[in-house]
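These notes are about the structure you will find just below.
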Amino acid sequence: MKYMLLVYMDESVMTDAERQDCYVESAQLTQELHSNRQYVSANPLHPVATATSVRVREGKPLVTDGPFAETREQLGGYFLIDVKNLDEAMAVASRIPGARRGTIEIRPVVEIAGMPD
């Protein structure tokens, strides 16, 4: 089953050097997940200041700069994994470097027939 592991953290808690170390550690984790055939995808996101939000109301797109919602923690990246169950997903989530300073939200992915792999 596929799970999306969403990495939430206050963007200001890491220095640039700490962020680079986090990227290296995350890359090492993805290599291990790949070896175990559990890796699908993973990427950090640019800072929330680069976000653009789009809503469609009455058939018209409304575009605003910035995130969908102002929150204490921001979505900073994700891991998409393919594991047997929630217990395995939680084990992977606990190894994500961002879990030490933020929160990892685990969501099962709905797989829709007819969509490309």
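Any chance you could check the Cα centroid distance between segment 1-65 and segment 81-107 for me, in angstrom?
Segment 1-65 and segment 81-107 have Cα centres separated by 13 Å.
Past the 16 angstrom mark, what percentage of all C-alpha to C-alpha distances in segment 50-117 do you count? Spell out each step's value before the answer.
On the way: 1490 of 2278 pairs.
Of all Cα-Cα distances in segment 50-117, 65 percent exceed 16 Å.
Just want the answer: with Cβ charges of +1 for Lys and Arg and -1 for Asp and Glu, which residue in Q31, I81, V13 is farthest toward the dipole's positive end in the chain?
I81
When the accessible area of the chain is split by element with a 1.4 Å probe, what percent falls to carbon and sulfur? Mind showing how you got there, number by number?
On the way: 4490 of 8330 Å².
Summing carbon and sulfur atoms, their accessible area is 54 percent of the total for the chain.
Give the relative contact order (percent, whole number) for segment 1-111; include only Cα pairs under 8 Å separated by 6+ residues. Kindly include the intermediate steps, with their values, before the conclusion.
Values: 168 pairs, mean separation 55.8, N = 111.
It rounds to 50 percent for segment 1-111.
When the chain is modelled as a GNM with alpha-carbon springs shorter than 10 Å, which of P97, P47, P61 fluctuates the most?
Answer for the Gaussian network model of the chain: P61.
Give me log10 I(q)/I(0) at q = 0.16, 0.18 Å⁻¹ for the chain, Debye formula, one equal scatterer per alpha-carbon, no solvent.
So the normalised log intensities are -0.85, -1.00.
Using the crude model of +1 on Lys and Arg Cβ and -1 on Asp and Glu Cβ, and no other charge, please compute the dipole size for the chain relative to its Cα centre, in debye to 20. Before the final figure, lay out each step's value.
Values: 12 positive and 17 negative charges, 56 e Å.
About 280 debye.
What's the local net charge at G98, with K and R +1, D and E -1, over the other residues with C-beta under 14 Å away? Write out the running numbers ahead of the final one.
Working: positive: R19, R95, R100, R101; negative: D10, E11, E18, D21, E25, E73, E105.
Net of charged neighbours comes to -3.
With a 10 Å cut-off between alpha carbons and a GNM built on the chain, which of L33, L62, L75 moves the most?
For the chain, modelled as a Gaussian network with Cα springs under 10 Å, the answer is L62.
Sum -39500 (n - 2.57) across every DSSP H segment of at least 4 residues in the chain, then divide by the residue count to get the 222 nm mean residue ellipticity, nearest 500. Mind dumping the intermediate values first?
Values: 2 runs with 28 residues, N = 117.
So the calculated ellipticity at 222 nm is -7500 deg cm²/dmol.
With Cβ to Cβ distances under 14 Å as the rule, what net charge do the other residues near P44 carry (K, R +1; D, E -1)?
Working: positive: R19, R101; negative: E11, D16, E18, D21, E25.
Result for the local shell: -3.
The values are calculated or read from the model by the stated rules, or taken from the named source; none is laboratory data. From a predicted model like this one, the values you see are computed outputs, not experimental measurements. Here the Cβ is made from the backbone with ideal geometry for all residues, glycine too, and neighbour counts use every protein chain on show. SASA here: full protein model, heavy atoms, side chains in, ligands and nucleic acids out. Shrake-Rupley method; radii C 1.70, N 1.55, O 1.52, S 1.80 Å.
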